[in-house]
Amino acid sequence: MQYSIATEKVNEANTLPNTQIGVGYFVSEPETRTGAQRFKVSAKQMLPSFGAITARENYATSLADAVYVDVAIAKRKLVASISQSYYKLYALKAKQTILVENMSLLKTYETLALTSVEVGKASVVDVLRLQIRKNELKQLNQVLEHDFLAEQTNFNKHLNRDKDIAFKVINYLKIPEHTIDMHADKLTLHPELLKYDKLYESVEKSELLNQKQSSPMFGFGLDYVNVEKRPDVNFSDNGKDILMPMVSLSIPIFNTKYKSRTKQNTLQKQAITFKKQQRLNNLETLLDKALKQRISARISYNTQVKNLNQAKNAEDILIKSYETGTIDFNDVLDIQELQLKFQMSQVESVKMYYVQTAVINYLTN
């Protein structure tokens, strides 16, 4: 809608100065040879210098082009926001799935512990510890559920729809083995930088318009004077009205404001150049940070895969120990806690990888 408003200003620029119309009545009627003058009607139209209207239209068009770039920026930001929100939803759902699996595992351990209590190989305290741990996981699962609903609202509102609309989130995501490297040279065509080019162009068009406005303006008009007939004489021009065409010239003798605008435009172009460089530096920093964090996410993910495999081996050893009649449920809880930590960290690594990918896509696509 802002772009539509800006384009409509092009039509607004394609106009002439207001036509001046005046009416005057002679309170004290001047007497002429052909009769007394009763009233006067005048009309005048000023014309801008040659090319001034075109320059004004070009300036309005350049401003509209700058606004149109904002549309591309808004689209990119919306895609990035929706993508990041989706990956946050995935992480929350994946963590809930992990908690459910761990609670099921603890239930199995609880059954083993109760059996061990009956045969005198474990104490009731071990059972209570397992139950407390299970309660903690249940509480964390409920918290994640509410976090999911809050992020679901954020996701739906980005799509401008009802906050309670439910949708399916993918069950499993993994970090791909190979990733295409991105380079900062792709940033040169980013809309946030192209906007400064459009703004720079609009200042150039503004200066062209300023030069046209500092040129003389021509005008033409017509005066009509109504003359009353003289009753005491009779001749051919008695009561003849007066019609007087006019040509006018408007010269900007005091043109300090036009010189000031030229200087302002020069400074404005320098300011835009500096702002563009600053924004390019910021975008390069964001891109480099996103690339590095994505690498960190891959390293963390691979580390958690190794840790989970080792924790699983430790769990298998504990289960075999139970078969031989010896099991330490403190070790069981420690291993289970480690497994949960590694699984949660793995999900966070996947989320971080794809969230940073959304940032990279915003910067380079």
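The values are calculated or read from the model by the stated rules, or taken from the named source; none is laboratory data. Predicted model only: the values in this text are computed from it and were never measured. Backbone-built Cβ (ideal geometry, glycine too); neighbour counts: all protein chains shown.
Kindly provide the set of residues from the stretch 202-217 that are of a type in the set (A, V, I, L, M) and in contact with a helix residue (DSSP H, G or I) (Cβ under 7 Å, 6 or more places away or on another chain), ordered by number.
Taking the stretch 202-217 and keeping what is of a type in the set (A, V, I, L, M), we get 203, 208-209, 217.
The answer is VAL203, LEU208, LEU209.
Looking at VAL71, VAL67, can you tell me which residue is more than 30 Å from PHE329 (Cα to Cα), loosely packed, with under 14 Cβ neighbours inside 10 Å, touching a helix residue (DSSP H, G or I) at 6+ places or on another chain (Cβ under 9 Å) and not small (Gly, Ala, Ser)?
Exactly one of VAL71, VAL67 is more than 30 Å from PHE329 (Cα to Cα), loosely packed, with under 14 Cβ neighbours inside 10 Å, touching a helix residue (DSSP H, G or I) at 6+ places or on another chain (Cβ under 9 Å) and not small (Gly, Ala, Ser), namely VAL71.
In a strand (DSSP E or B), among the β-branched types (Val, Ile, Thr) and closer than 21 Å to LEU47 by Cβ: does that describe VAL247? Give the steps one after another, and end with the answer.
On the way: in a strand (DSSP E or B): yes; among the β-branched types (Val, Ile, Thr): yes; closer than 21 Å to LEU47 by Cβ: yes.
The answer is yes for VAL247.
Taking SER62 as the residue in question, decide whether it is touching a helix residue (DSSP H, G or I) at 6+ places or on another chain (Cβ under 9 Å), under 30 Å from VAL347 (Cβ atoms) and either among the aromatic types (Phe, Trp, Tyr) or not assigned by TED's automatic domain parsing to the domain that holds MET246 (or both).
Considered against the rule, which asks whether it is touching a helix residue (DSSP H, G or I) at 6+ places or on another chain (Cβ under 9 Å), under 30 Å from VAL347 (Cβ atoms) and either among the aromatic types (Phe, Trp, Tyr) or not assigned by TED's automatic domain parsing to the domain that holds MET246 (or both), SER62 comes out as no.
Within the stretch 71-111, can you find the residues that are within 24 Å of ILE170 (Cα to Cα) and among the β-branched types (Val, Ile, Thr)?
Selection gives VAL79, ILE82, THR97, ILE98, VAL100.
Kindly evaluate LEU194 against the criterion of being closer than 19 Å to ASN365 by Cβ and either surrounded by 16 or more Cβ atoms within 10 Å (Cβ to Cβ) or outside the structural domain of VAL69 (by TED's automatic domain parsing) (or both).
Answer is yes for this residue.
Exactly one of (1) under 27 Å from ALA297 (Cβ atoms); (2) small (Gly, Ala, Ser); (3) surrounded by fewer than 13 Cβ atoms within 10 Å (Cβ to Cβ) is unmet by ALA166. Its number?
Evaluating ALA166 over (1) under 27 Å from ALA297 (Cβ atoms); (2) small (Gly, Ala, Ser); (3) surrounded by fewer than 13 Cβ atoms within 10 Å (Cβ to Cβ) leaves (1) as the failure.
Check off (1) out of contact with any Gly (no Cβ under 6 Å at 6 or more places or on another chain); (2) farther than 30 Å from ASN238 by Cα; (3) at pLDDT 90 or above; (4) not aromatic (Phe, Trp, Tyr) for VAL23 and give me the number that stays unchecked.
(2)
Go through the residues of the stretch 143-164 one by one and say whether even a single one is hydrophobic (A, V, I, L, M, F, W, C), free of Cβ contacts under 8 Å to residues at least 24 places away in the same chain and not in a helix (DSSP H, G or I).
Within the stretch 143-164 (the criterion being hydrophobic (A, V, I, L, M, F, W, C), free of Cβ contacts under 8 Å to residues at least 24 places away in the same chain and not in a helix (DSSP H, G or I)), the answer is no, since none of the residues qualifies.
Among (1) in contact with a Leu (Cβ under 6 Å, 6 or more places away or on another chain); (2) touching a residue at least 60 places away in the same chain (Cβ under 8 Å); (3) closer than 30 Å to GLU31 by Cβ, which single condition is ASN238 missing?
Condition (1) is where ASN238 drops out.
Does LYS77 qualify as being surrounded by fewer than 18 Cβ atoms within 10 Å (Cβ to Cβ) and among the basic types (Lys, Arg)? I'd like the intermediate steps shown before the answer.
On the way: surrounded by fewer than 18 Cβ atoms within 10 Å (Cβ to Cβ): yes; among the basic types (Lys, Arg): yes.
Yes: the conditions hold for LYS77.
Counting only residues that are under 46 Å from the mean Cα position of the chain (by Cα) and of a type in the set (Ser, Thr, Tyr), which one in the stretch 84-124 is surrounded by the fewest Cβ atoms within 10 Å (Cβ to Cβ)?
Of the residues in the stretch 84-124, the ones under 46 Å from the mean Cα position of the chain (by Cα) are 84-105.
Filter once more, keeping what is of a type in the set (Ser, Thr, Tyr): 85-87, 90, 97, 104.
Values: SER85: 21, TYR86: 19, TYR87: 21, TYR90: 20, THR97: 15, SER104: 10.
That would be SER104.
For residues that are exposed (fewer than 13 other Cβ atoms within 10 Å of the Cβ) and of a type in the set (D, E, K, R), scanning just the stretch 258-274, find the one that is nearest to LEU47 (Cα to Cα).
Residue satisfying both the conditions and the ranking: LYS259.
Would you mind stating whether MET352 is surrounded by fewer than 19 Cβ atoms within 10 Å (Cβ to Cβ) and aliphatic (A, V, I, L, M)?
no
Results for (1) over 42 Å from the mean Cα position of the chain (by Cα); (2) surrounded by fewer than 19 Cβ atoms within 10 Å (Cβ to Cβ); (3) at pLDDT 85 or above, shown as yes or no for each residue.
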{"site": "THR303", "(1), (2), (3)": "no, yes, yes"}
{"site": "ILE319", "(1), (2), (3)": "yes, yes, no"}
{"site": "TYR322", "(1), (2), (3)": "yes, no, no"}
{"site": "LEU333", "(1), (2), (3)": "yes, yes, yes"}
{"site": "LYS341", "(1), (2), (3)": "no, yes, yes"}
{"site": "GLN346", "(1), (2), (3)": "no, no, yes"}
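Given LYS320, LYS269, which one is more than 30 Å from LYS121 (Cα to Cα) and either free of Cβ contacts under 8 Å to residues at least 60 places away in the same chain or of a type outside the set (Asp, Glu) (or both)?
LYS269
Take the residues in the stretch 33-55 that are of a type in the set (Val, Ile, Thr) and closer than 15 Å to VAL227 by Cβ, then tell me which one is surrounded by the most Cβ atoms within 10 Å (Cβ to Cβ).
THR34
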